[in-house]
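To keep things clear, I will list the structure first and then write my remarks on it.
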Amino acid sequence: MSLTCPLLQLPLSQFKKSLTISSPFLHGSSPLSHLSKPSSSITSPNSSPPSFLPPVRAMRSMQGKVVCSANDKTVSVEVTRLAPHPKYKRRVRKKKKYQAHDPLNQFQVGDFVQLEKSKPISKTKAFIAVPVPPRNQPKVKEDENKELGLPLQSSLQES
C-alpha cells in the first residue's frame, strides 16, 4: 500500500499553477486608494481649524520684575507664574529668569516690565522689555460740585 499525495502525481506545470495565489495586492496591481491610511468617517479629509477661531499664540507676552540691569542694553527679568503642583494639586509659584532687550537702558532693578516676544536678538535674548504703568496709582478725585454741574446748598449758604 502506497500513500501518495494527489498533488505529487500532477505534472510539474499543473503543480505550479495550483500553488499560485491570485490576489489584487500582489505585485502592486491594486490602486493606492486601498493602501492609504484608514480614516474614520467622523473626521474630514481636510482637518484644518475653523477660520473663525483665532490662531493660538501662546507665551507672546509676560510681565515680570527687573532683577539685574548691569549689562548694556540687556535686563534680566524674573517672571513669576502660578502652576499646580504635580502631586498635591496646590498652586505653587514658579519663577524663571529671562534676558530681555532694553535699547535705551531705561529700566532699573525693581521696575515692572512687560516682555514682548520678538525674533532672537542674541543667543539668550528673544524678548523686548516694554514699560508697564504702575498698578496701584491713587485715582485723581475731582470736585464733587463739578460732577453734577449744580452748586450744593451748603456751598451757597457759606458765600
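The values are calculated or read from the model by the stated rules, or taken from the named source; none is laboratory data. Quantities reported herein were computed from a predicted structural model and do not represent experimental measurements. Accessible surface areas use protein heavy atoms only, side chains included; no ligands, DNA or RNA. Shrake-Rupley method; radii C 1.70, N 1.55, O 1.52, S 1.80 Å.
Laid out as a table, the results:
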| item | result |
| --- | --- |
| Chain lengthening between Ser118 and Lys73 when straightened (0.36 nm per residue, less Cα-Cα) | 14.7 nm |
| Residue-level accessible surface for Thr124, protein heavy atoms, 1.4 Å, Å² | 90 Å² |
| Among the listed pairs Lys89/Lys117; Lys89/Lys125; Lys73/Lys96; Lys94/Lys119; Lys73/Lys94, those beyond 22 Å (Cα-Cα) | Lys89/Lys117; Lys89/Lys125; Lys94/Lys119; Lys73/Lys94 |
| Accessible area of Ser69 in the full protein assembly, 1.4 Å probe (Å², nearest 10) | 40 Å² |
| Largest-first ordering by accessible area, 1.4 Å probe, given options Leu104, Leu82, Leu115 | Leu104, Leu82, Leu115 |
